[in-house]
């Protein structure tokens, strides 16, 4: 499912991650050069500022351990040296005496004056090199390629450009901590995709609870062969499993065998169908079904309609009459997810009569998946269900986070 689109997104993530890793090596090389420069600059500066006598004193302190063993020799020649001088030497050693430390086999490295300076300079510099940045030149060629791949995966041009812009804003000249490169890229993609899919949802169960005296009327719209009638039956089965009563309205009075198809679904899940003869006014069929539901305390009326091309003006005018007469609570547009970029054009035309929510069919065999992003971005309407197969169980509520996680997996 969505293999093609997933591959395009995965390729972009990998390319940007590799660019960041390469950037890290460049940062390391620059840092090492700067460290060497700072070693010399700092050493020279401190040597200039610090009095020469202090340098000497530091070296003397480091050599105390070598001087101390000479004390017995000094004492042996006391008589040959003037007393005041000897006393001064003894007093000095007394003040600087340290507790003897057992000898250690391992050789301890002496740290001279300049070595100490180097350590003071290097440690802070190494500690600060914890982030890296990507330039526009680093990122944009990769994002351009990703956007082209998304368009091949049926993502509309403006949607691909939006995603590309979101990623550019999140990555270019932004400090990225070492070790978090992939997480930062995936997070930026996730936020962009969720923003596209973040629209107010529709809760069918809550609608039924609010309409206690009347049924919830749902009109199903869609293109020829898009899976509209089967989706209607799947919604009916889903509602019945939730404990709600349902009735079907066979308002597709145009297509041959349309009523028989709906009746077969109704028989399988155990609901009643309200129908008229072929060629009857579909608006009247839905009206009668609604009145029957009111009289019998039925919770939902699911109204089928003739599949129609969005370019057929007469059928679109008929749809406007159905909506005007029956004022359905919801108008659900059923779209074949394999339609590709034409799905956006269908959505625009059907939205002229008003679309409240979406159902996508044949998702299980869709290698691209871009239409889902494109139509949602175009209509700013929620996706209620995804059709994943032929059985009634192959139908699930749409979850935006789950969908995005699948694309980024």
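Fully extended, how many nm does the chain gain between residue 309 and residue 157 (0.36 nm per residue separation, minus their Cα-Cα distance)? Write out the running numbers ahead of the final one.
Details: separation 152, 0.36 × 152 = 54.72 nm, distance 2.33 nm.
Between residue 309 and residue 157, full extension yields 52.4 nm more.
Taking a spot 7 Å from the Cα of residue 321 along the direction of its beta carbon, which residues of the stretch 353-389 have an amide N less than 17 Å from it?
The answer is 353.
Separation between the residue 380 and residue 3 pseudo-spin-labels, each 7 Å from Cα along Cα→Cβ, expressed in nm?
If labels sit at residue 380 and residue 3, their model points lie 3.7 nm apart.
Got the relative contact order for the stretch 125-220 handy, in percent, Cα pairs under 8 Å and 6 or more residues apart? Before the final figure, lay out the partial values.
Details: 59 pairs, mean separation 28.9, N = 96.
Reported as a whole number, the value is 30 percent.
Roughly speaking, what is the stretch gain from residue 190 to residue 402, that is 0.36 nm per residue apart minus the C-alpha to C-alpha distance, in nm to one decimal?
On the way: separation 212, 0.36 × 212 = 76.32 nm, distance 1.09 nm.
Length gained, residue 190 through residue 402: 75.2 nm.
Between residue 178 and residue 409, how many nm apart are label points set 7 Å from Cα along the C-beta direction?
So the two model labels end up 3.4 nm from each other.
Going by Cα centres, the stretch 156-179 and the stretch 265-329 are how many Å apart?
Measuring centre to centre over Cα atoms gives 46 Å.
Taken together, the values in this text are just the output of simple stated rules run on the coordinates, not laboratory data. Just so it is clear, the model here is predicted, and its values are computed rather than measured. As a convention, Cβ positions derive from the backbone with ideal geometry for all residues, glycine included, and neighbour counts pool all protein chains shown.
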